[in-house]
Amino acid sequence: MDTETIKKIIQESNITRSEIEKKPIIAIYLFGSYAKGKEKAKSDIDLAFVFDERFYKEDPFRALQEAELLGSEIGKMMHKAVDVVILNGASLSFAYYTVRNGICLYEIGTVNRILYEVTLDNKYQDFMPFIKELRDIKRRILIGRD
């Protein structure tokens, strides 16, 4: 099952689409082996959800429940296991690389998605020197232990 098929299933499914539109979801990204076109027969589908920030901060557990429910529904339609991640609570590096290398399957509106992506990119660029320094320190510590 290729990326376009997954996108088409989500877009054409009235049940899933109507369920998604009821939720405060900004975007859903496909990442991992399916996004890279390197999936195998037993590969699961990795989906990353971006929720409205106010909704997420108010009740992150509810956001996780919503993502899990939608992931389960999508998995049933595709006959595949689905893993979900919420980018609002993910590390900056993980969120950045997921958005940069993933495929947007759903967006509530292009403006909202682009605003999220630009904000994420700005944060990543601002923190990149610190992230790099921490990685260098970690590398030096690990090398020093050998």
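The values are calculated or read from the model by the stated rules, or taken from the named source; none is laboratory data. Quick caveat: nothing in here was measured; it's all calculated off a predicted structure. All Cβ positions, glycine included, derive from the backbone under ideal geometry; neighbour counts span all protein chains shown.
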Selection from the stretch 101-132 of residues surrounded by 12 or more Cβ atoms within 10 Å (Cβ to Cβ), more than 14 Å from Leu47 (Cα to Cα) and not aromatic (Phe, Trp, Tyr) yields Ile108, Asn112, Arg113, Ile114, Leu115, Glu117, Leu120, Asp121, Lys123, Met128, Ile131
Out of the residues in the stretch 79-90 that are over 15 Å from Glu53 (Cα atoms) and surrounded by fewer than 16 Cβ atoms within 10 Å (Cβ to Cβ), state the one that is modelled with the lowest pLDDT. His79
Is it the case that the stretch 79-95 has a residue that's over 30 Å from Pro129 (Cα atoms), free of Cβ contacts under 8 Å to residues at least 12 places away in the same chain and either touching a Phe, Trp or Tyr at 6+ places or on another chain (Cβ under 6 Å) or of a type outside the set (Lys, Arg) (or both)? yes
Write out, first by first residue and then by second, each pair whose Cβ atoms fall under 7 Å of each other, whose residues are 6+ apart or on separate chains, and whose first residue, in the stretch 128-141, is within 18 Å of Tyr96 (Cβ to Cβ) while the second is surrounded by 11 or more Cβ atoms within 10 Å (Cβ to Cβ) and modelled with pLDDT of 90 or more. Ile131/Ser93
Could you list, in sequence order, all residues of the stretch 68-113 that are part of a loop (DSSP other than H, G, I, E, B) and farther than 15 Å from Tyr124 by Cβ? His79, Lys80, Ala81, Ile108, Gly109
Hey, Glu58 surrounded by fewer than 19 Cβ atoms within 10 Å (Cβ to Cβ) and at pLDDT below 85 or not: no
Of the criteria (1) surrounded by 14 or more Cβ atoms within 10 Å (Cβ to Cβ); (2) modelled with pLDDT of 85 or more; (3) not in a loop (DSSP other than H, G, I, E, B), which one Ile10 fails: (2)
Has the stretch 43-53 got any residue that is of a type outside the set (S, T, N, Q), over 14 Å from Ile86 (Cα atoms) and either surrounded by fewer than 17 Cβ atoms within 10 Å (Cβ to Cβ) or in contact (Cβ under 8 Å) with a residue 40 or more places away in the chain (or both)? yes
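Can you go through Arg100, Arg135 and tell me which one is modelled with pLDDT of 90 or more and basic (Lys, Arg)?
The match here is Arg100.
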Can Tyr124 be described as aromatic (Phe, Trp, Tyr) and farther than 16 Å from Glu4 by Cα? yes
Does any residue of the stretch 16-24 turn out to be among the β-branched types (Val, Ile, Thr) and either within 30 Å of Leu134 (Cα to Cα) or surrounded by fewer than 17 Cβ atoms within 10 Å (Cβ to Cβ) (or both)? no
